[in-house]
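The structure appears below as structure tokens.
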Amino acid sequence: MKLIVSVPERLYYVRLLVPKDLSSKTTNTLQSLGVMHVETSGELSEEDKEKLKNYAEKVRAFSNLVDIIESYYKFTVVDLKREVSLEDLDRVVNELHLKLSKVRQEIENLVSNKKKLSDEISKCLKQVKALEVIKREVSENLRVFELSFAGEALFSVVALGKSQDIEPLITSIPRDVVVKWGFVGDETIVFMVGVSSAWKEVQELLSKARAEIIEFPKQDSPISEYLNYLSKHIEELRAALEKTDNELEKILRDNLELLALAKVISDLIKSRLDFLLSAASGEYLLAVEGWIPEESLKTLENRLSSEISTYLIVKVSTDKKPPSKLKNPRPLKPFELLTRFYGLPSPGEWDPTPILTYSFLAFFGFIMADAVYGLILLLIVKYVLDRSGFIDNPYSPNYISLKKMLLMLGLSSTIFGVLSNTFAGYSVCFEGGRVMLVIASEVSSGLINIPSLINLSDPMFFLVLALVIGLVHINLGYVLSVIIGVKARDLGRVLSGAGLIISEIFGIPYVLHEFLRYDLLPLSNEAYTYMLYASLIGVLVMIIGTVKSLGGIGLFMWIFNITGLLGDVLSYSRIAGLGIATYVMAVNFNKLSFSVYEYFSGLAPLAGAVLGLVIMIVIAVFMNMFNLVFGAIGGFVHSMRLCFVEFLPKWYDGNGREFTPFALKIEKHVTLGKSV
């Protein structure tokens, strides 16, 4: 069974008691070992609650500080070189808090200064726009103070707005107001002079038009002179803004590793806070409860003996649901990602990672059965994927697992490609002692004249093979369900699953013999009749099991077991469909690219041949890469669907929770900022 399913690590629920004055040392020991999944164990005293409240406030303030500073960074990955010991953790937190508080103040000052400079530049540019229009449409002899004036008798105002909004305003201006306007791109500048009694009405019109009033200083100088001043002033402001930007970039760059360290430590002290909130503290003792793997219990006792000496650790019974800690051989570890995605094993459940690994590799290999495609996929995953821009953090554990899984899938594709003698739509054969590449559909023999084990050019063979794989795969699920039912003493589940399997074993050969005139076994007609009786007995057993599980409604629900089986098996035809599609597209893309070469070489013997060769290569590479990318995506998605929808629900629940040890984990690569 270990080759099909694995068993998660056995966990013990333990209670650790230590003197209260050794609580800090115990916390450091547990965090450095990282073997205990801590559970909430009891109420804290009022004194401890107050201490935890103060510590939680410290953690919150530090975490907020880190988040605020991180928000100023663009996404980046930092290689962290500094090491931190648990004994120095509190001291390092205090130092970092002090340094980062100063950094935050400097950053916020520079950001505030940047905003002021940007706003001032924007204001000056709007003044320049307005003055250029007024100079052109009104007069260059106007004085600056005359542009924004509000007196007892007269007023003047300059406004800027979108042309489509300003147009209705111009037609609605009161008769005792003079207006001049000009266009700048899709915006309109208006200059109005009128009697003060009309000012309120003009303000309402400007508001409706969503126009912005441009203020000018009370300066007695010509427009031209003020424009020269603005030009110089804008240059000075831009220089100051550039200097501020450089200073901000320097501060962010100089404190990059400091912030990365602070982010890692922030996660550590949050973990420590969770641990302290879970611990029960009395007047003299600290009690910690949680789950420990069987093989790690002795290690913990030895470490506590050498570092704490005064402690008591005991196994205790509990009604709490244990977490799941997966335990698989190293080659299968990457595929634990699939198990986590579907759901971790519940207590007492098997881990489906081994059978998921074999199934996924086989399904993907059949769908992408091309040796060249497999090798290219390997190279892309190994050398291109990290640098593609699609991966935010190439050092995250989940991505590393996914990458290893994709490498194994690329290898599977290569192996199945060799077995099917398919190399980017071509096949290898021998003729007259020479190795030749021919269009795959034109050869029936495999590599070195050995017949292909997977004949992609025969759709019926591939379809039958896919359905047989589906039948075996689904029935393996039913067998596992029966075994689980036996272990759980669930008679209904056992009878329902066993009856379906019996009806299949005897019913399928009978149906093939009687209706399709195909003898799966060399038996007489009388023997096939007995198979019918055995199949009906299997159906009866299945009905009894369904009634046992569901009650009276089981008399009607058993039929869905058979129809569901048929639908599930037919679902595996997607393996043949996608596999043949990948193969046929590769063959036809090659024919298309070669026909392009023949066309151009026929136009001109030399130049046409060279041009045709170049175009042929471009088309062949582009089309085959298209086929590879979409074939790989389809192969991955549909392989996952067959495992998650057709197979696992037959026997696996997956309602467990992750084993998350209280551990010291200093990441060597830290991501800062938000990805766009």
For this session: Please give every one of the lysines within straight-line cross-link reach of residue 218, meaning a C-alpha to C-alpha distance under 28 Å, and leave out same-chain neighbours fewer than 8 residues apart.
Result: 114, 115, 116, 123, 126, 129, 135, 162, 180, 200, 208, 232
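Where does each of 512-525, 462-475 land if you order them by average Cβ count within 10 Å, highest first?
On the way: 512-525: 11.1, 462-475: 18.3.
Output ranking for 512-525, 462-475: 462-475, 512-525.
Explain nothing, just the number: dipole magnitude of the chain about its Cα centre with +1 on each Lys and Arg Cβ and -1 on each Asp and Glu Cβ, in debye rounded to the nearest 20.
On the way: 69 positive and 74 negative charges, 200 e Å.
Around 960 debye, computed over the chain.
How long are the semi-axes of the ellipsoid equivalent to the stretch 361-436, from square roots of 5 times the Cα gyration tensor eigenvalues, in whole Å, largest first? Don't jump to the answer; show the numbers that get you there.
Working: eigenvalues 187, 33, 12 Å².
Working from the Cα gyration tensor, I get semi-axes of 31, 13, 8 Å.
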Exercise. How many percent of the accessible area of the stretch 543-584 is carbon or sulfur, using a 1.4 Å probe?
Worked result: 80 percent
Exercise. Carbon and sulfur together cover what percent of the accessible area of the stretch 376-433 at a 1.4 Å probe radius?
Worked result: 67 percent
Problem set entry | Among 154, 103, 142 - extreme Cα towards positive end, dipole of the stretch 87-202, charges at beta-carbon | 142
For this session: Per residue of the stretch 176-186, in order, report the coupling 6.51 cos²θ - 1.76 cosθ + 1.60 (Karplus, θ = phi - 60°) as ³J(HN,Hα) in whole Hz, putting x for Gly and Pro.
Result: 8, 10, 9, 10, 10, 8, x, 9, 9, x, 9
Problem set entry | Residue order for 613, 300, 407 - accessible surface, 1.4 angstrom probe, largest first | 613, 407, 300
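What are the equivalent ellipsoid semi-axes of the stretch 496-581, built from the alpha-carbon gyration tensor (square roots of five times its eigenvalues), in whole angstrom, biggest first? Don't skip to the answer; put the middle values down first.
Working: eigenvalues 125, 97, 13 Å².
Whole-Å semi-axes of the equivalent ellipsoid: 25, 22, 8.
Quick one: pull the percentage of alpha-carbon pairs in the stretch 524-654 with a separation above 26 Å.
Working: 4811 of 8515 pairs.
Taking all Cα-Cα pairs of the stretch 524-654, the fraction more than 26 Å apart is 57 percent.
Counting only heavy atoms of the protein chains, get the accessible area per residue of the chain (1.4 Å probe) and round it to a whole Å² value. Could you put the intermediate results ahead of the total?
Working: 35890 Å² over 676 residues.
For the chain, the per-residue accessible area is 53 Å².
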Exercise. Charges only on Cβ, +1 for Lys and Arg, -1 for Asp and Glu: so what's the dipole of the stretch 289-363 about the Cα centre, in debye to the nearest 20?
Worked result: 160 debye
Exercise. How big is the Rg/Rh ratio for the stretch 213-293, C-alpha atoms only, Rh by Kirkwood, two decimals?
Worked result: 1.53
Exercise. For the stretch 264-334, what Kirkwood radius comes out of the mean inverse Cα-Cα distance, in Å?
Worked result: 15.3 Å
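Given that compact globular proteins tend to follow 2.2 N^0.38 Å, what is the ratio of the alpha-carbon Rg of the stretch 455-546 to that value? Could the numbers behind the result be given before it?
Values: Rg = 15.5 Å, N = 92, 2.2 N^0.38 = 12.3 Å.
Dividing the Cα Rg of the stretch 455-546 by 2.2 N^0.38 Å gives 1.26.
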Problem set entry | the stretch 234-391 - percent relative contact order, Cα under 8 Å, separation 6 or more | 10 percent
Seminar exercise, completed: Quick calc of log₁₀ I(q)/I(0), the stretch 151-276, Debye, one scatterer on every Cα, no solvent, q values 0.09, 0.14, 0.16 1/Å, result -0.53, -0.77, -0.91
Exercise. Using θ = phi - 60° and the Karplus form 6.51 cos²θ - 1.76 cosθ + 1.60, what ³J(HN,Hα) does each residue of the stretch 321-330 get, whole Hz, x for Gly and Pro?
Worked result: 6, x, x, 10, 10, 5, 9, 10, x, 3
Exercise. Considering the alpha-carbon set of the stretch 165-213 alone, what are its Rg and its Dmax in angstrom?
Worked result: 10.3, 33
Exercise. In the chain, what is the volume of the convex hull around the alpha carbon atoms, normalised per residue and reported in Å³?
Worked result: 343 Å³
Problem set entry | the stretch 619-658: radius of gyration and largest Cα-Cα distance (Dmax), Å | 16.2, 50
For this session: Diagonalise the Cα gyration tensor of the stretch 580-676 and give the resulting equivalent ellipsoid semi-axes, square root of 5 times each eigenvalue, largest first, whole Å.
Result: 49, 24, 8
Exercise. Kirkwood Rh, the stretch 130-224, all Cα pairs: how many Å?
Worked result: 13.3 Å
Exercise. Using only helices, what value at 222 nm comes out for the chain when you add -39,500 (n - 2.57) per DSSP H run of length 4 or more and divide by the total residues, to the nearest 500 deg cm²/dmol?
Worked result: -20000 deg cm²/dmol
For this session: Above 27 angstrom, tally the Cα pairs of the stretch 33-165 and express them as a % of all pairs, no decimals.
Result: 58 percent
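Per Stokes-Einstein, at 20 °C and 1.002 mPa s, what whole-number D in µm² s⁻¹ belongs to the stretch 350-392, with the Kirkwood radius over Cα pairs as the hydrodynamic radius?
Values: Rh = 12.3 Å.
The diffusion coefficient I find is 175 µm²/s.
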Seminar exercise, completed: the stretch 247-404: spread of alpha-carbon positions along the three principal axes, whole Å, largest first, is 68, 59, 27
Problem set entry | Lysine pairs within the stretch 270-393, Cα separation less than 29 Å, 8 or more sequence positions apart or different chains | 21
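Per the Kirkwood treatment, what hydrodynamic radius in Å, one decimal, follows for the stretch 315-422 from the mean inverse distance over all distinct Cα pairs?
Working: mean 1/r = 0.0643 Å⁻¹.
Evaluated over the stretch 315-422, this radius sits at 15.5 Å.
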For this session: Output the relative contact order of the chain, whole-number percent, from Cα pairs under 8 angstrom with separation of 6+ residues.
Result: 22 percent
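Could you order peptides 362-374, 210-222 by the average number of other Cβ atoms within 10 Å of their residues, highest first?
On the way: 362-374: 26.3, 210-222: 14.0.
The densest-packed peptide leads the list: 362-374, 210-222.
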Exercise. Per-residue accessible area for residue 400 at 1.4 Å probe radius, Å² rounded to 10?
Worked result: 70 Å²
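The values are calculated or read from the model by the stated rules, or taken from the named source; none is laboratory data. Every value quoted in this text rests on a predicted model; they were computed, and no experiment measured them. Virtual Cβ from ideal backbone geometry, glycine too; neighbours counted across all protein chains shown. The accessibility values were calculated without ligands, DNA or RNA, using every heavy atom of the protein model including side chains. Shrake-Rupley method; radii C 1.70, N 1.55, O 1.52, S 1.80 Å.
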